[in-house]
Amino acid sequence: MGGSITEAWAGFFSSPLARRREAWLAQLAMAVAELLKNPGITLESLQRNEAFVSAVLAATSIAVRTHQTEKLAALRNGTISSVLNTDISEDEQSLFMRYVDEFSPWHFRVLRAFHDPNGHLQARGVTKPWLVESGGTLWSSSKHIRTFMGQAFPELQSEHQFVGLVLHDLGVRQLIPVQQMFHQSLPD
């Protein structure tokens, strides 16, 4: 009886796993084709590039465990960056892959919003800028990060605990400048 259950269970996951692996390998093939358009990059040089091989292996391990398009796009971009952005250390590359594995798509959305808070708010129809310059320094226009989050993501206004966890995750990793940006307001 135990053998039948084991076989049935293995068969249950083999098809979705194979489908995810094939889809990921197709994305990797497109990434490699994109890389090959750059001068000096060949299939042979990619095979010898240990940073690229490590990035591909790490990304593949993560990719088969997710269906989320934001994560898959980040993994694809991370493998490309391992070749094109030589100023990124292998340690930083490893951290990036770990963050992609741990973060939800909401983490990525919040990171994009913090990349250009005023632009993000403008796209949402908010006319008051979040960051303003005073005396050569950028300041937030409010002391409360939740004010920004409420304007940037109205769909999360009732999700206080979730928003707090996302902000904590990003802040503790110093990916968003919570302390510097949001505990200061405009000088009087």
Could you tell me whether region 94-102 includes any residue that is among the hydroxyl-bearing types (Ser, Thr, Tyr), under 15 Å from Thr60 (Cα atoms) and within 12 Å of the chain's Cα centre (by Cα)? yes
Out of everything in region 13-40 that is over 23 Å from the mean Cα position of the chain (by Cα) and under 22 Å from Asp87 (Cα atoms), what residue ends up being least open to solvent (accessible area, probe 1.4 Å)? Asn38
Identify, please: which residue in region 41-74 is outside any loop (DSSP other than H, G, I, E, B) and charged (D, E, K, R) and is, among those, surrounded by the most Cβ atoms within 10 Å (Cβ to Cβ)? Lys71
Pick out, from region 80-170, the helices (runs of 4 or more DSSP H) lying fully within it that include 3 or more residues that are free of Cβ contacts under 8 Å to residues at least 40 places away in the same chain and acidic (Asp, Glu). 90-102
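The values are calculated or read from the model by the stated rules, or taken from the named source; none is laboratory data. The model shown is predicted, which means the values in this text are computed figures rather than measured ones. Methodologically, a virtual Cβ is constructed for each residue, glycine included, from the backbone with ideal geometry; neighbour enumeration extends over all protein chains shown. The protein model used for the area step is the full one, side chains on, heavy atoms only, and it has no ligands, DNA or RNA in it. Shrake-Rupley method; radii C 1.70, N 1.55, O 1.52, S 1.80 Å.
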